[in-house]
Structure formats: C-alpha cells, structure tokens
1. Do you know which of the residues in the stretch 27-40 that are touching a residue at least 24 places away in the same chain (Cβ under 8 Å) and within 13 Å of residue 3 (Cα to Cα) is surrounded by the most Cβ atoms within 10 Å (Cβ to Cβ)?
2. Quick check on my filter: what residues within the stretch 5-26 are open to solvent by 30 Å² or more (accessible area, probe 1.4 Å) and either in contact with a Cys (Cβ under 6 Å, 6 or more places away or on another chain) or aliphatic (A, V, I, L, M) (or both)?
Amino acid sequence: MRAARKAVRLTQAEAAEVVSVCQATWKKWEAGVHRMPPASFHAFQMTAWNLGGHR
C-alpha cells in the first residue's frame with residue numbers, strides 16, 4: 001500500500017480521498033491492521049496515476 005501510494009507521490013490523506021475513506025482507514029491499511037478491499041485497491045490503481053503520477 002505504502003509503495004503504491006508513494007509511487008504516485010500522494011500523501012495518505014490524498015490517497016484516502018481517492019478511494020473515499022478517511023485518512024485513519026488508509027493508515028490502518030498501510031499498517032496492516034485491516035486489509036484493503038480489492039475493489040478499493042482497484043479504484044486506487046485506476047485513479048491514482050491520473051491524480052498523483054504527473055506531479
């Protein structure tokens with residue numbers, strides 16, 4: 001999760017916004033406390049490059 005987020009140069013807050021969750025949820029996903037639902041990861045992959053990959 002962290003590597004995918006950093007690859008497109010997004011903060012945790014920005015990444016959380018991409019998949020419509022709060023930053024605390026994203027932080028738990030990165031820490032391994034909870035697993036990110038596959039649909040959320042897919043949405044992140046589809047959207048993150050456009051939002052952060054071109055900074």
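The values are calculated or read from the model by the stated rules, or taken from the named source; none is laboratory data. Please read these numbers as outputs of a predicted model, since none were measured by experiment. Every residue, glycine as well, gets a Cβ built from its backbone with ideal geometry; the counts of neighbours run over all protein chains shown. These accessible areas exclude ligands, DNA and RNA; they are computed on the full protein's heavy atoms, side chains included. Shrake-Rupley method; radii C 1.70, N 1.55, O 1.52, S 1.80 Å.
1. Going residue by residue through the stretch 27-40, those that are touching a residue at least 24 places away in the same chain (Cβ under 8 Å) are 29-30, 36.
This time we only want the ones that are within 13 Å of residue 3 (Cα to Cα), so: 29-30.
Working: 29: 24, 30: 17.
Per the stated criteria, the residue is 29.
2. Selection gives 7, 13, 21, 24.
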